[in-house]
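Working notes, structure below.
The values are calculated or read from the model by the stated rules, or taken from the named source; none is laboratory data. Since we're looking at a predicted model, the values are computed, not measured. For neighbour counting, all protein chains shown are included, and Cβ atoms are generated from backbone atoms with ideal geometry for every residue, glycine included.
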Ligand code: HEC
């Protein structure tokens, strides 16, 4: 019993020391807080593991509306109005998107892995991100400013970023 007591006291003292060390690091250790700072080790992983898990749990399996010309054209107008300032168009990358941390990915440009924007993501995943936003990044939540239909229209549009689009939508997104 005495032995157990000692172990518990040691454990609590260790825990306190650890908390103190974490506090001292935050207060004096210069962790990166500026957008221009370099990310700290594992920052990307720490942010993306819970985000992926949450989206996986909650994203709808399919779009409730079809990818008709009308829906894609409406999605392109919404994109021009709400998203283009950060995410750019096919002929003009966003200047401000590059200055955010994390940067806002250009959604009409082929990335190094050959994928255009988020066209390789399930449409339900893009819908979740547009609806709920991504915490501690510049990505806003649109659940209050766009209707359900509008959220799907712009998500469907992005899911087809590597495919031919109706003329109006093509023109709006700059190709
Ligand atoms: C104020 C700038 C800003 C605006 C406006 C904005 N976004 Fe974003 N968005 C971001 C940033 C920054 C990220 C990157 C977040 C991250 O790295 O986790 C992002 C991420 C995303 C992603 C995920 C990209 C990926 O590679 O997984 C999608 C999809 C997206 N935005 C869609 C939209 C749509 C659709 C709109 C308009 C309705 C919009 N965004 C408006 C800043 C913005």
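General observations
- Yes/no for residue 55 being closer than 30 Å to residue 100 by Cα and either assigned by TED's automatic domain parsing to the domain that holds residue 121 or touching a residue at least 24 places away in the same chain (Cβ under 8 Å) (or both): yes
- Residue match in the range 66-86 (condition: away from the ligand (no atom under 12 Å from the Cβ), farther than 18 Å from residue 51 by Cβ and under 19 Å from the mean Cα position of the chain (by Cα)): no
- Restricting 75, 124, 97, 88 to those that are surrounded by 14 or more Cβ atoms within 10 Å (Cβ to Cβ) and at positive phi reduces the list to 88.
- Qualifying position, being out of contact with any helix residue (DSSP H, G or I) (no Cβ under 6 Å at 6 or more places or on another chain), farther than 16 Å from residue 65 by Cβ and surrounded by 15 or more Cβ atoms within 10 Å (Cβ to Cβ), among 134, 173: 134
- In the range 134-175, residue farthest from the chain's Cα centre (by Cα) [restricted to those that are in a loop (DSSP other than H, G, I, E, B), under 15 Å from residue 82 (Cα atoms) and near the ligand (Cβ under 8 Å from one of its atoms)]: 146
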